Amino acid sequence: MKKIIAVGMLALVINGIMGCTFDTAVVHSLGKIDTDTVASLNKINNTDPKVIITDLAKWKHPVKEVFKKNHVTLVRVELTNNKTYPTFIVKSLEGISADSSDFLYSLSEKNGYWDFRITDGTRFINVYCDKTKKIITKAESNEKTMDIATIIFPEYNGVWLDVSFANQTGYYSKMNIKFLENNHAHVVLESSTDLTGTAQIVNNIYFDYNQEANFTGIDSFGNTIKAKISLYDGNVSFDYLSNDAYKGKKNIVTVGSGRFVREAEYLNVQKSMKILITKYGFVDNSKGFYIPKYEDESLYFGYEGKTDDGRYRIGVRYCRDTVIYAWYLVDPDTKEVEVENY
């Protein structure tokens, strides 16, 4: 008798017949077999024949390269549901979880966006896909569930403006996103530079199911820009990973490392900042940096989100060390301002 260990059940090859299963076998991918369960022959169930693949050297499938690339050792594959549902038994799931987006999306793509399961006998990840849209809709494990059925990437199509420059004269940064198939998007990033003119970066990038994408592009002046773009709560954020422009000091691209919003929101942020300038006598010191009436140090304005009642929270900070000067809650329609002194 040849014994084969399975996840959630025990499969045996008896007299050359494959597919007999036990529904209460102890789960061990590399451990000992529960002999008491093996002895319970009355629990054999043939309703869902299982194909078990142990000779992985001869098994030809593109998912093997994904496991190899991510340093995950594949031990065995079990196919059920008419060979359309694979369970990948691996040596260890250490470092892999339901939000390991790159790894799971690569597996999903190579598996044709069929649902699948990964387990090491202790931990598991179940992945559910939409074959039509070619996306993961949910990934669940012992620890957490990532449900992305409600995410609609095309909602983020269009132009976004960086509020880092809402109060700076002559500088701007905008991003135009157009989603393509399979969570890919065509992104054009256009920004003012430290000299005249603008710099553009055009690239196609891939968003994972955490709504994040690593962005790498070369601007009009030959600078390599690396960043992470994140979509969240109706906003887009841009965080630098590296920027060659600052090293070579050539036409520095003034892309802010912060929040991009829609044009209507951008205009309200600008309006809120202008209300503060007028109401409290801030004086323009140099292209968006200000000094208050009775201070001699430069300040800068930053948009820090909206309150529950729809007011715009503007943080005013010292340029020298970013220490807060005051927070202002502004209603751009009524021009009412509430001050929160630090």
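For this structure, a couple of remarks:
- Sole exception among (1) modelled with pLDDT of 80 or more; (2) outside any loop (DSSP other than H, G, I, E, B) for residue 309, by number: (2)
- Test: residue in the stretch 189-211 that is modelled with pLDDT of 85 or more, open to solvent by less than 40 Å² (accessible area, probe 1.4 Å) and either hydrophobic (A, V, I, L, M, F, W, C) or part of a loop (DSSP other than H, G, I, E, B) (or both): yes
- Screening the stretch 89-129 for residues that are modelled with pLDDT under 85 and more than 15 Å from residue 69 (Cα to Cα) and picking the one that is nearest to the chain's Cα centre (by Cα) gives 99.
- Consider the stretch 98-132 and keep the residues that are open to solvent by less than 30 Å² (accessible area, probe 1.4 Å) and of a type in the set (S, T, N, Q). The one that is nearest to residue 82 (Cα to Cα) is 111.
- Flag for residue 241 being among the hydrophobic types (A, V, I, L, M, F, W, C) and at pLDDT 90 or above: no
- Selection from the stretch 258-279 of residues that are open to solvent by less than 60 Å² (accessible area, probe 1.4 Å) and not small (Gly, Ala, Ser): 260, 261, 265, 266, 268, 269, 270, 273, 275, 276, 277
- Condition met for residue 214 (modelled with pLDDT under 80, surrounded by 14 or more Cβ atoms within 10 Å (Cβ to Cβ) and not small (Gly, Ala, Ser)): no
The values are calculated or read from the model by the stated rules, or taken from the named source; none is laboratory data. Since the model is a prediction, treat every value here as computed from it, not as a measurement. Because the Cβ atoms are built from the backbone with ideal geometry, glycine has one as well, and the counts that use them run over all protein chains shown. Heads up: the accessible areas ignore ligands, DNA and RNA and are worked out on the full protein's heavy atoms, side chains in. Shrake-Rupley method; radii C 1.70, N 1.55, O 1.52, S 1.80 Å.
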